[in-house]
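Take a look at the structure below.
The values are calculated or read from the model by the stated rules, or taken from the named source; none is laboratory data. Values in this document were obtained by computation on a predicted structure and should not be read as measured data. Using ideal geometry, Cβ is built from the backbone for each residue, glycine included, and neighbour counts are taken over all protein chains shown.
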Amino acid sequence: MTFRYPNGQSFSQKNPRERSLTRETTFANRGMRFEEAINQSNEYYLTHDKAVVHKKPTPLQIVKVDYPKRSAAVIKEAYFRQPSTTDYNGVYRGYYLDFEAKETKNKTSFPLKNFHQHQITHMQQCLKQEALCFVLLWFSSLNRCFFLSAENLVDYWNRQENGRKSIPLELIETAGIEIVPQIAPRIPYLLAVEQYLEKRS
C-alpha cells in the first residue's frame, strides 16, 4: 500500500521483519516501541482517572481501493491530507496537554531534523493559548527519556540560524526533566508534568 504526503513524497512502510527488529531495539529491548509505551501509559491514566489523553488520528485521503472479495476491501493507495501537528493531546487536571514524542539513536544530542516547521508553529500557537505543550524525547541507545517544554524546544529550534542542528544531551539534562520508565504506567510523563507545573508557578 502506498501513502503520500501532501507534497507528493512517498511514505514507505517497513516490512514485518523490519518492524519486529525496530520493536526489539528501540524500547529497552522489551519488544515495545516508544510510541506503544506512551499509548499504554495513556490507557493506564485513563482507566485510573488521572488524565484523558489520546493519539491524534492521521487524516488520509483514499484514492485507490481493491475489492478481492465482496466482504473485504484493500486500500492500495492513499495520501496524507495535511501535515501532522503533534502526536498527542488531551486534558489533565483542567490543563490542555499537547505533545509530541520523538526518539533517536544518538547518544550525545537530539537532532532537530526530527521536527518540522509546521510542528513548531503548532506548538507556538498552543503556547499562546497557555496550553501545556511539550515533547517526550527517547534516547534509545541510552534507554533514557526526557520531558522538554515546548518553550525550550522553540528556543533551540530558532538557534538553528546560528548553525545549531541538534540539542546537546547536557542541555536536555539541564532544561528538561528525566522520566524513568516503569511497569505501569510505562512512561510516567505526568510526574514530569507535575514537576514542570511546580517550577512554572
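Structure values in brief
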read-out	value
Residue list for the stretch 169-179, filter: closer than 13 Å to C145 by Cβ and in contact with a helix residue (DSSP H, G or I) (Cβ under 9 Å, 6 or more places away or on another chain)	I172, G176, I177, E178, I179
Residues satisfying the stated conditions in the stretch 124-140, i.e. surrounded by 14 or more Cβ atoms within 10 Å (Cβ to Cβ) and over 19 Å from Y196 (Cβ atoms)	F139, S140
Criterion (under 16 Å from T121 (Cβ atoms) and part of a strand (DSSP E or B)) met by exactly one of V135, V154	V135
Of all residues in the stretch 98-123 being surrounded by fewer than 15 Cβ atoms within 10 Å (Cβ to Cβ) and of a type in the set (S, T, N, Q), the one that is nearest to R33 (Cα to Cα)	T108
Neighbours by Cβ (under 6 Å, 6+ apart or cross-chain): first from the stretch 175-198, touching a residue at least 40 places away in the same chain (Cβ under 8 Å) and closer than 20 Å to L153 by Cβ; second assigned to a helix (DSSP H, G or I) and not basic (K, R)	I179/Y189; I179/A192; I187/A37; I187/I38; I187/S41
Subset of the stretch 106-144 [over 27 Å from T47 (Cα atoms), among the charged types (D, E, K, R) and modelled with pLDDT of 95 or more]	K107, K128
Residue list for the stretch 151-174, filter: of a type in the set (G, A, S) and in contact (Cβ under 8 Å) with a residue 12 or more places away in the chain	S166
Test result for I183, part of a loop (DSSP other than H, G, I, E, B), within 17 Å of S41 (Cα to Cα) and out of contact with any strand residue (DSSP E or B) (no Cβ under 8 Å at 6 or more places or on another chain)	yes
Test: residue in the stretch 54-76 that is modelled with pLDDT of 90 or more and in contact with a helix residue (DSSP H, G or I) (Cβ under 7 Å, 6 or more places away or on another chain)	yes
